[in-house]
1. Restricting to the protein assembly as shown, what percent of DSSP beta bridges are antiparallel, rounded to 5?
2. Show me the ranking of peptides A:132-138, B:202-208, A:149-155 by mean Cβ neighbours inside 10 Å, starting with the highest.
3. Using θ = phi - 60° and the Karplus form 6.51 cos²θ - 1.76 cosθ + 1.60, what ³J(HN,Hα) does each residue of segment B:183-192 get, whole Hz, x for Gly and Pro?
4. Express as a percent, rounded to the nearest 5, the fraction of DSSP beta bridges in segment A:90-225 (both residues included) that run antiparallel.
5. Under a plain spin-label model, where a point goes 7 Å from the Cα along Cα-to-Cβ, how far apart in nm are A:Asp82 and B:Ser267?
6. How large is the charge dipole for chain A, taken about the Cα centre, if only the Cβ atoms of Lys, Arg (+1) and Asp, Glu (-1) carry charge, to the nearest 20 debye?
7. For chain B, modelled as a GNM with alpha-carbon contacts under 10 angstrom, which of B:Gly241, B:Gly42, B:Gly227 fluctuates the most?
8. At q = 0.10, 0.14, 0.19, 0.25 Å⁻¹, what log₁₀ I(q)/I(0) does segment A:128-221 have when each alpha carbon counts as one equal point scatterer in the Debye sum?
Amino acid sequence: MMQGNYALQAKDLNIYYGSFRAVKDIELNIHTNKITSFIGPSGCGKSTLLRAFNRMNDLIEISHMKGSIEYKGKNLYDSDVDPVEVRRRIGMVFQKPNPFPKSIYDNIAWGAKINGFRGNMDELVEESLRSAALWDEVKDKLDQSGLSLSGGQQQRLCIARTIAVKPEIILMDEPCSALDPIATLKIEELMRQLQEEYTIVIVTHNMQQAARASDYTAFLNMDSSDRAGYMVEFNETNEMFTSPQNQETEDYITGRFG
Amino acid sequence: MASETMANTIVKTETKEDVARSLAKKMRPRESLIQGFLFICGAISILTTVGIVYELSKEALLFFRDDRVTLVEFFTGSQWQPAIEQFGIAPLVLSTLVTSTIAMFVALPLGLASAIYLSEYASSRVRSILKPVLEILAGVPTVVYGYFALTFMTPLLRNIFGSDVVQIFNTASAGIVVGILIVPLVSSMSEDALHAVPDSLRQASYGLGATKLETAVRVVLPAALSGITAAFVVAISRAIGETMVVAIAAGAGPRNFEWSDVTQNYSGTPFNPFTSAETMTGHIVRISGGDISYNSIDYNSIFAIGLMLFFITLLLNVFSRRIVERFREVYD
Ligand SMILES: Nc1ncnc2c1ncn2[C@@H]1O[C@H](COP(=O)(O)OP(=O)(O)OP(=O)(O)O)[C@@H](O)[C@H]1O
Ligand SMILES: [Mg+2]
């Protein structure tokens, strides 16, 4: 396949915490403008792998990695790459909604401001909130604290904040795990809309969510001998859920796991 | 115990009385003992404060009752000369104001910067070395700081600004050293406040492509504002109350002046940091250390000064709390 179809390519990726190898031998291509989900049992290294894509693991003192992640042909871990610039292009939404203790408006504006945005801030705020399907709910209280919103609204605020920076890729680590089913559906709908402009990678524990909301799925599992996570199977989501190639995958998605 | 387990196992045959007995309020002597002990500890600290205020007020009242003293003179007079019965507190208050202001100008930037460094930048190894050093600094007796001011800071200031400008005893030297003295306090309290900011906020910030500096100054710092202000308030109170350093290095006599001096002869007022002046605390120790008799007006005057100190600190506390309420970013 053409290089251009991939937003990110992990090659021979190994991630360590101190001497413990948390993730091993990952070969994985993330397709541009598609939604890719990571599924797998707790502790198998999904978050670790996801954070590697925008160098968030750099913030963990004991973590280091081997191998490479290529973005448009450039290895993000080359020594001349600035992790700050990487994160401007590859944004992240976290498991627990974490809006800043600032106003709703400033939550959106702040990231754009530090990224040197010079246009009309009011427009950007409205546009970002609209893309995150939150505008109608908050348009009359933009000066209230972001923390005054409900959990689901907070998470959409976090997505809006990420969109405002205009990244190319959005990484989401279990973005719906703190939300009720309706808020969850809203976010999934939102992901489908965002997909036209962004490449999305999402970690989820929810099998239905992976099946519903993603185009590609990677199943990770933990090697019982060294407790390192490895990728069992990667495929189009439909394929993976209808005819898994691997017995472990089948066991996991049919709930016969462990 | 045995009857309890029985009651639990044969639930069906439990009579109403059994249930009542097993649900009945139990004496928990240890709980009440500890609760009582904690209450007493809390009560002691409150009672101490009340006691201090009572004692201060009682003696201060004797002072204000005296015919030679008027409240108007006390608050507006610019001469404090008990020998000739002049009791204007301004020279003492203003000197305190000058030393504390200088101290805060030293302590806040230094303390806050080191807190930010320790909490946001330092690796755990560096932190494990630096924190004990700061704690040792906080443990140095203040009298040592006093002589540090006199024998190091003052000569330094005289070298820089000229010995004809800077007197041997001066409030600048004392203020700067008081500032250094409270750096560890500001730093460790501010660091606690910064440290308490949830990591998820830092992650959010980095995830948006913020640099370390942007994250520290524009996300973590505002979120920690209320804790940091608490640090500042404690630090200001400490600076106002600090005694040894000012007693040694600032001067041993009130800097009396005329109100007209403030505009016409600035260098003759307590606002000039390079001349000697006595602060409220400095004056209190000097007078109480001398051989004055109890119940003399001199003796009573120091309680009036003490009460004044108490109210200034109290007001500062109240005001800064107000300010914080307006500006703080609540994160939980
Ligand atoms: N900051 C860290 N320091 C040390 N070890 C870590 C750290 N974060 C994760 N690990 C270890 O790395 C392994 C993978 O963790 P990770 O959080 O990536 O798993 P996960 O698949 O996201 O799990 P979950 O589904 O529960 O979120 C685990 O064994 C975990 O203990
Ligand atoms: Mg995880």
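The values are calculated or read from the model by the stated rules, or taken from the named source; none is laboratory data. All values reported here derive from a predicted model rather than from experimental measurement. For neighbour counting, all protein chains shown are included, and Cβ atoms are generated from backbone atoms with ideal geometry for every residue, glycine included. Accessible surface areas use protein heavy atoms only, side chains included; no ligands, DNA or RNA. Shrake-Rupley method; radii C 1.70, N 1.55, O 1.52, S 1.80 Å.
1. Working: 27 of 45 bridges.
Taking every DSSP beta bridge with both residues in the protein assembly as shown, the antiparallel ones total about 60 percent.
2. Details: A:132-138: 18.6, B:202-208: 23.7, A:149-155: 20.4.
Answer by packing, highest mean first, reads B:202-208, A:149-155, A:132-138.
3. Running phi through 6.51 cos²θ - 1.76 cosθ + 1.60 with θ = phi - 60° gives 3, x, 5, 4, 5, 6, 5, 5, 5, 4 Hz.
4. Values: 1 of 10 bridges.
Restricted to segment A:90-225, the bridges split so that about 10 percent are antiparallel.
5. For the pair A:Asp82/B:Ser267, the computed spacing is 5.1 nm.
6. Numbers: 28 positive and 36 negative charges, 98 e Å.
Dipole size: approximately 480 debye.
7. Sorting by GNM fluctuation, first place goes to B:Gly42.
8. So the normalised log intensities work out to -0.26, -0.50, -0.90, -1.46.
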